[in-house]
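Chemist: Structure incoming, see below.
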Amino acid sequence: MDLKLDDHMKDGIRVVDVEGEIDVYTAPRLRELLIDLVNKGDYQLVVNMEKVEFLDSTGLGVLVGGLKRVRAHDGSLDLVCRQERILKIFRITGLTKVFGIHDTVEEAIKARKSEK
Amino acid sequence: MVEVTFTPLPAHVRTARLVAVAVARRSGVAEALLDEVRLAVGEACSRAVEAHRQYCPAEPVKIELTDTGGRFEVVVTDAAPAGPGVPPAEVAGVTGIANGIPGPLEAVPAGQQATGSAAEGGGSGEAASAGPAGVPVPPVNGQGGLQDGFGLAVIAELADDVKISRTPAGISVAMSWPSSPGER
């Protein structure tokens, strides 16, 4: 399956919905979207990965790159994911300590708001 | 044995993953391990594709899938003289590779500061910035991916037997999982 990307504002935070496979072929599209959002001034991001079917280290790199970009503007990039197959790669790479990973978009937004 | 060669295009890596999982399932690899096969083969092929695109874009990447002696083995061989993510010295096993990666796998333990190898690697020239709870954000390379070698380290965590060796042509990544012929 190809990669589908969509984004919308929710409670003042930009939510990026990702569906499909994030790999060496599709990851550049996600990277471009994240760069575009940051360039437009969206520094509070939530990436909803509930419908992501595959994620490799290229995709992880794009997410880390996005996090670096928003952090340069004192922003944030939180993830939403409950799938064990996706969470596993975050765990084995230690990136669970780098990203805030939440069960739902609402929880991610709530956690972000409470930190303000 | 199943052998697949493909032109080094990122779009073909997905095809390689699908073939590997199909052959693994046919070989009797447990369903619970198929996600690991998918990810590990994808990482190996991504690394090989990047190496070929950099050094020999006209040469195909080769994958061999075999099922012998209760093991399903996948060997991904590139033809790049100096692929990314592999130390210059000859390597005998994945331990050497993992130890040689000055990267995120070592950089992210809680409380670790953004100093040392984590801040120096990556080639982007950017200092690592702090993530939640002060954890440094791993460096990314010029293409926006994690630094070279990260994919190999992921493979090392996924396959229970990994051998990375330098062939006369390039780098060979061999990884295997248990298979159960009786379940075919």
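Chemist: In which sequence would B:ILE171, A:ILE109 go, from the one with the fewest C-beta neighbours within 10 Å to the one with the most?
Modeler: Values: B:ILE171 25, A:ILE109 20.
The fewest-first ordering by Cβ neighbours comes to A:ILE109, B:ILE171.
Chemist: Counting other beta carbons within 10 Å of each residue's own, what order do B:ASP78, A:ASP103, A:ASP78 fall into, fewest first? Kindly include the intermediate steps, with their values, before the conclusion.
Modeler: Details: B:ASP78 28, A:ASP103 11, A:ASP78 24.
Arranged by neighbour count, lowest to highest, B:ASP78, A:ASP103, A:ASP78 become A:ASP103, A:ASP78, B:ASP78.
Chemist: Okay, next question. Given 0.36 nm per residue, what is the gain on full extension from B:GLU64 to B:VAL2 after removing their alpha carbon distance, in nm?
Modeler: 21.7 nm
Chemist: Now, a different point. Any idea how far apart A:LYS4 and B:LEU9 come out in nm if each label point goes 7 Å out from Cα toward Cβ?
Modeler: Those two pseudo-labels are separated by 2.4 nm.
Chemist: A follow-up question, please. Calculate the dipole size of chain A relative to its Cα centre from +1 charges on Lys and Arg beta carbons and -1 charges on Asp and Glu beta carbons; express the result in debye to the nearest 20. Let's see the in-between values first.
Modeler: Numbers: 19 positive and 21 negative charges, 102 e Å.
Magnitude of the dipole: close to 480 debye.
Chemist: At a Förster distance of 22 Å, what's the computed FRET efficiency of A:ALA111 paired with A:GLU32, Cβ-Cβ distance as r, to 0.05? Each step should come with its number before you reach the end.
Modeler: Numbers: r = 27 Å, r/R0 = 1.22.
According to the calculation, E is roughly 0.25.
Chemist: Give the Rg (one decimal place) followed by the Dmax (whole number) of region A:4-110, computed from C-alpha coordinates and expressed in Å.
Modeler: Looking at region A:4-110, its Cα Rg and Dmax stand at 12.3, 33 Å.
Chemist: What is the order of A:LYS68, B:LYS62, fewest Cβ neighbours within 10 Å to most?
Modeler: Numbers: A:LYS68 22, B:LYS62 18.
Ascending Cβ contact count within 10 Å gives the list B:LYS62, A:LYS68.
Chemist: Given the options A:THR104, A:THR93, A:THR58, state which has the largest fluctuation in a GNM of chain A using a 10 Å cut-off (strictly under) for Cα springs.
Modeler: For chain A, modelled as a Gaussian network with Cα springs under 10 Å, the answer is A:THR93.
Taken together, the values in this text are just the output of simple stated rules run on the coordinates, not laboratory data. Source: prediction; values computed, not measured. Because the Cβ atoms are built from the backbone with ideal geometry, glycine has one as well, and the counts that use them run over all protein chains shown.
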